[in-house]
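Colleague: Okay, handing you the structure first.
The values are calculated or read from the model by the stated rules, or taken from the named source; none is laboratory data. None of the values given here were measured: they were computed from a predicted structure. Neighbour counts are summed over all protein chains in view; Cβ atoms, including those assigned to glycine, are modelled from backbone coordinates with ideal geometry. Calculation scope for accessible area: heavy atoms of the full protein, side chains included, ligands and nucleic acids excluded. Shrake-Rupley method; radii C 1.70, N 1.55, O 1.52, S 1.80 Å.
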Amino acid sequence: MWEYTDKVLDHFRNPRNVGVIDKPDGIGEVGSMACGDALKLTFKLDARKRISDVKFQTFGCASAIASSSALTEIIKGKTLEEAEQVTNQDIADYLGGLPEQKMHCSVMGREALEVAIHNYRTGDTSKKILEGKVVCHCFGVTEEEITRVVRDNRLTTVEQVTNFCKAGGACGKCHKDIADIIAKVRGEIRESAPVEVQPPHKLTTLQKIKLIEETLDKEVRPALRKDGGDIELIDVSGNQVIVALRGMCANCQVARFTLKDVVEAKLREFVSPDIMVEEDKP
């Protein structure tokens, strides 16, 4: 037993705008009786080119009837350009949600609207135009349709795709192809997503001292010890780091370069780009 919202049940028991418009401006038919769902949508435009009347006939479950009824309510009064922006998720949201296994009913409503608008603009009276490669032959679902429902609804599994457009719901031979489409779309979404630049994490004084010590120990001290030298951290004040060179490095003629080109460079790389290193003066 599906759990339906009160609004779904209301539109199922008391569907709005049922019937067929006489001499409609647009007519769209999708689905088939054999597949279990079918929808016919007709609309009429007023002088301002807005949808003044819209009616539907459907063969299907409670979700199919409720989704069709909701769609007619949503698009009434809109221009065709505005109606084209309505998504299957808008239909589901209008109803307060649909069981995931019934989301294909909201997709069918959107497809019927697209076909009806196509009919108005071109005069084409074909039921449903299959564009692109057919992936699911059992239900006549194309690669383009699957790609769209995956992208629009951010689907991640074959089961979800089946719930939204029925593809893969019969023999199962197309499951691998559906999985490949999901992977492709998810990859495109990741590539197109803006990179969120995280603000640099502000270190406490204790954390900064600890990180400086670790950097000196791992990145600086081993190189100095090869030449018989060493380094000691004396003090840290804000971004100013005071160190003392020990051993052979203490009196080296290139000590100044060591402080800037080695010590300061490493601390700026691993701790903070604002660090300034100075030598302790006795």
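Colleague: Could you list, ordered by first residue, the pairs with Cβ atoms under 8 Å in which the first is in region 215-236 and closer than 19 Å to E278 by Cα and the second is surrounded by 14 or more Cβ atoms within 10 Å (Cβ to Cβ) and among the polar types (S, T, N, Q), at least 6 apart or interchain?
Modeller: Taking only residues 6 or more apart or on different chains, the pairs are L224/T258.
Colleague: Further, regarding this structure: Within region 118-126, is even one residue assigned by TED's automatic domain parsing to the domain that holds D25 and under 24 Å from N14 (Cβ atoms)?
Modeller: No, there is no match, as no residue in region 118-126 is assigned by TED's automatic domain parsing to the domain that holds D25 and under 24 Å from N14 (Cβ atoms).
Colleague: Yes or no: region 11-34 includes at least one residue that is on the phi < 0 side of the Ramachandran plot, charged (D, E, K, R) and part of a helix (DSSP H, G or I). Give the steps one after another, and end with the answer.
Modeller: As a first pass, look at region 11-34 and keep what is on the phi < 0 side of the Ramachandran plot: 11-16, 18, 20-22, 24-30, 32-34.
The next check asks that each one be charged (D, E, K, R); those that pass are 13, 16, 22, 25, 29.
Filter once more, so that each one left must be part of a helix (DSSP H, G or I): 13.
Yes: region 11-34 contains one or more residues that are on the phi < 0 side of the Ramachandran plot, charged (D, E, K, R) and part of a helix (DSSP H, G or I).
Colleague: Further, regarding this structure: From the set of residues in region 237-255 that are in contact (Cβ under 8 Å) with a residue 12 or more places away in the chain and under 16 Å from M276 (Cα atoms), which is surrounded by the fewest Cβ atoms within 10 Å (Cβ to Cβ)?
Modeller: Keep residues of region 237-255 that are in contact (Cβ under 8 Å) with a residue 12 or more places away in the chain, which gives 239-250, 252, 255.
Imposing the further condition that a residue be under 16 Å from M276 (Cα atoms) reduces the set to 239-245, 255.
On the way: N239: 15, Q240: 12, V241: 24, I242: 16, V243: 22, A244: 16, L245: 20, A255: 14.
Residue satisfying both the conditions and the ranking: Q240.
Colleague: Considering only residues that are touching a residue at least 60 places away in the same chain (Cβ under 8 Å) and in contact with an Asp or Glu (Cβ under 8 Å, 6 or more places away or on another chain), look in region 134-163 and name the one that is least open to solvent (accessible area, probe 1.4 Å).
Modeller: N163
Colleague: Another question, if that's okay. Taking the residues in region 247-268 that are farther than 13 Å from E219 by Cβ and modelled with pLDDT of 80 or more as candidates, determine which candidate is farthest from the chain's Cα centre (by Cα).
Modeller: If we take residues in region 247-268 being farther than 13 Å from E219 by Cβ and modelled with pLDDT of 80 or more, then G247 is farthest from the chain's Cα centre (by Cα).
Colleague: Follow-up question, since we're still on this one. Within region 156-177, can you find the residues that are among the hydrophobic types (A, V, I, L, M, F, W, C) and farther than 20 Å from V30 by Cβ? Explain how you work it out, then say what you get.
Modeller: Pass one, region 156-177, residues among the hydrophobic types (A, V, I, L, M, F, W, C): 158, 161, 164-165, 167, 170-171, 174.
Across region 156-177, the qualifying residues are V158, C171.
Colleague: If Y120 meets every condition in (1) at pLDDT 85 or above; (2) more than 22 Å from I74 (Cβ to Cβ); (3) among the aromatic types (F, W, Y) apart from one, which number is that one?
Modeller: So the condition that Y120 fails would be (2).
Colleague: Those residues that are under 10 Å from V241 (Cβ atoms), of a type in the set (V, I, T) and assigned to a helix (DSSP H, G or I), I need them from region 254-280; list them, please.
Modeller: If the condition is that a residue be under 10 Å from V241 (Cβ atoms), of a type in the set (V, I, T) and assigned to a helix (DSSP H, G or I), then V263 is the only one that fits.
Colleague: Tell me, which helices (runs of 4 or more DSSP H) wholly within region 35-126 include 2 or more residues that are surrounded by 23 or more Cβ atoms within 10 Å (Cβ to Cβ), in contact with a helix residue (DSSP H, G or I) (Cβ under 9 Å, 6 or more places away or on another chain) and touching a residue at least 40 places away in the same chain (Cβ under 8 Å)?
Modeller: 62-75, 103-122
Colleague: For region 259-282, enumerate the residues that are open to solvent by less than 80 Å² (accessible area, probe 1.4 Å) and closer than 19 Å to E214 by Cβ.
Modeller: Narrowing region 259-282 to residues open to solvent by less than 80 Å² (accessible area, probe 1.4 Å): 259, 262-267, 271-272, 275, 277, 279-280.
Correct list: L259, V262, V263, E264, A265, K266, L267, V271, S272, I275, V277.
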